[in-house]
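Derivation of every value follows stated rules applied to the coordinates shown; laboratory data play no part. A quick note: this is a predicted structure, and the numbers were derived from the prediction, not measured. Here the Cβ is made from the backbone with ideal geometry for all residues, glycine too, and neighbour counts use every protein chain on show.
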Amino acid sequence: MRNYNIAVIPGDGIGEEVAPEGVRILDAAAEKAGGFKLNYEYFPWGCNYYLENGRMMAADGLDILKKFDAIYFGAVGFPTVPDHISLRGLRIPICQGFDQYVCYRPSKILPGIASPLAVKKEGDIDFVVVRENTEGEYSGAGGRAHRGLPEEVAIDTTLFTRNGVERIIRYAFKLAQSRRKHLISATKSNAMINTFAFWDEIFREVSKDFPDVRTESVLIDALAARFVLRPQSLDVVVGSNLHGDVLTDLGAAICGSMGIAPSGNINPERKYPSMFEPVHGSAPDIVGKGIANPIAMIWCGSMMLDFLGEKQAAGIIETAIAEVTREGRFLTPDLGGSAKTQEVTGAILGKLGKLPL
Ligand code: NAI
Ligand code: MG
């Protein structure tokens, strides 16, 4: 029996509502596929922990997490704590400390789900954004001075390293080779003439090693429009930390809802645990109502199992999700339905139980 140790960090807001739903499905998939077992340890880190302890996670949090095979993460951030403290105190230290330099974010229209775009249906949108996840605009380099005075200054430095840019671009090329062999690099080298010119140069250099992949460099503003106007033309998109962050909320929205988009923060070399979390945040506007869509969190579970090598269990989760959306009987309000969170999980469990292996 293969055993995997999973650190579960539900975090804040609806993170606490969808994480247990994800675990229910993970367990059902493990039982159905057989041959492996998941052992969970829960960590109560997040904004409430901060209000009690003055920090978002234990001081030795990274040491504790390091021994796990993967991290299953809900969402972090709540109106009780400023966002720059909550995000910088939990998600970002894990991504940076564990060198999870790939943020892998698929956008795919599920069967039965309507995109807000005209005449887009299943099959019309199926792309992956590969977001650089450890440096760029979110490097944290910078500072504030002269606080409260008229001469107050605030600086965030966009930081690109040759290693950092090259490895994310190389990862994206390899991914494109395994898909439809088309890669777009999101850039802004017309305005950010140092950092993004450097990014473009490295993109051109690396492209020579992948002659079978068709490439385009597209300015981020035009690319945002293209996500709406011609999403069929997208296969793999590689972007910096900020560009990838913004594009993937857009990717989720054009596939029907923030509530379905999964994400993996991946350390491809497997030196450290990788972390799987929905693209969405803690959704304070719907917290406590029992209507958070659990699909993003459940899909993240499938991605986690796939990464751990449990392809069959991963596949049945994805199929069960698709069967539930195709049927359309159990959808949460963000997808136009009236089902509760746990009813959606129940429907997915039902489909999962009936799937042939
Ligand atoms: P959000 O993603 O939490 O919510 C945006 C909108 O999408 C809201 O209307 C919300 O109700 C809806 N939504 C999100 N997830 C949903 C789900 N599963 N089912 C149904 N509807 C869903 O973004 P927002 O409001 O900007 O941020 C709230 C908090 O979350 C902030 O503190 C922010 O910093 C944090 N955040 C954390 C992230 C993370 O942990 N990776 C990512 C994004 C935001
Ligand atoms: Mg985001």
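3J(HN,Hα) couplings calculated from phi for region 39-46 with the Karplus curve 6.51 cos²θ - 1.76 cosθ + 1.60 (θ = phi - 60°) are, in sequence order, 10, 9, 10, 9, 10, x, 6, x Hz; Gly and Pro show x.
Our coupling estimate for region 49-55, obtained by passing each phi through the Karplus curve with A = 6.51, B = -1.76, C = 1.60 and θ = phi - 60°, is 4, 5, 5, 8, 10, x, 8 Hz, Gly and Pro reported as x. Highest-first packing order for the peptide set 284-293, 203-212 is 284-293, 203-212, based on the mean count of other beta carbon atoms within 10 Å. Looking at region 83-152, the GluC sites (Glu not before Pro) that sit in a DSSP loop and have at most 12 other Cβ atoms within 10 Å of their own Cβ are Glu151, Glu152. The phi torsions of region 266-283, fed into the Karplus equation with coefficients 6.51, -1.76 and 1.60 and a -60° offset, translate into couplings of 10, 9, x, 6, 6, 6, 10, x, 9, 10, 10, 8, x, 5, 6, x, 8, 6 Hz, rounded to whole numbers, with Gly and Pro shown as x. Projecting the Cα atoms of Leu38, Pro333, Val165 onto the dipole axis of the chain, where Lys and Arg carry +1 and Asp and Glu carry -1 at the beta carbon, places Leu38 farthest toward the positive end.
Kindly list the residues of region 82-116 that lie in the label zone of Arg144, defined by a backbone N under 12 Å from the point 7 Å along the Cα-to-C-beta vector. Residues passing the 12 Å test: 82-85. If you take the Cα centroid of region 92-113 and the Cα centroid of region 188-208, the two points sit 23 Å apart. Close amide H pairs (under 5 Å, H built 1.01 Å from N) link Asn267 with Ser274, Met275, residues at least 5 positions away or on another chain. For region 1-150, a simple Cβ point-charge model (Lys and Arg +1, Asp and Glu -1, everything else neutral) yields a dipole of about 180 debye relative to the Cα centre. Set the bar at 27 Å for Cα to Cα. Now go through Lys174/Lys354; Lys37/Lys289; Lys37/Lys66; Lys188/Lys271; Lys37/Lys351 and name every pair that lies beyond it. Table pairs above 27 Å Cα-Cα are Lys174/Lys354; Lys37/Lys289; Lys188/Lys271. Database remark: amide H of Tyr40 closer than 5 angstrom to the amide H of Ile6 (H placed geometrically; neighbours at sequence offset of 5 or more, or on other chains; Pro and chain starts carry no H).
Hydrodynamic radius of region 42-174 by the Kirkwood approach over all distinct alpha-carbon pairs: 18.0 Å.
Taking 35 Å as R0, compute the FRET efficiency from the Cβ-Cβ separation of Ala191 and Glu269 and round it to 0.05. E(calc), rounded to 0.05, equals 0.55.
Given a Förster radius of 56 Å and the C-beta distance between Asp156 and Leu357 as r, what FRET efficiency does 1/(1 + (r/R0)^6) yield to the nearest 0.05? E between Asp156 and Leu357, to the nearest 0.05, is 0.65. Gain on full extension, evaluated as 0.36 nm per residue between Glu31 and Lys121 minus their Cα-Cα distance, stands at 29.1 nm. Think of each Lys and Arg Cβ as +1 and each Asp and Glu Cβ as -1; about the Cα centre, that makes the dipole of the chain roughly 860 debye. Using the Cβ-Cβ distance between Ala224 and Ile85 with R0 = 30 Å, the FRET efficiency computed as 1/(1 + (r/R0)^6) comes to roughly 0.55.
Positive end of the dipole of the chain, charges at C-beta (+1 Lys, Arg; -1 Asp, Glu), about the Cα centre: which of Leu223, Pro356, Gly281 has its Cα farthest in that direction? Sorting the options by dipole projection puts first Pro356. Dipole magnitude for region 269-357: about 180 debye, using +1 per Lys or Arg Cβ and -1 per Asp or Glu Cβ, origin at the Cα centre. Under 5 Å from the amide H of Gly74 lie the amide H atoms of Ile9, Gly11, each residue being 5 or more positions distant or on a separate chain, with H modelled from the backbone and absent for Pro and chain starts.
Each label was represented as a point 7 Å from its Cα along the Cα-to-Cβ direction; for Tyr42 and Glu201 these points are 5.2 nm apart.
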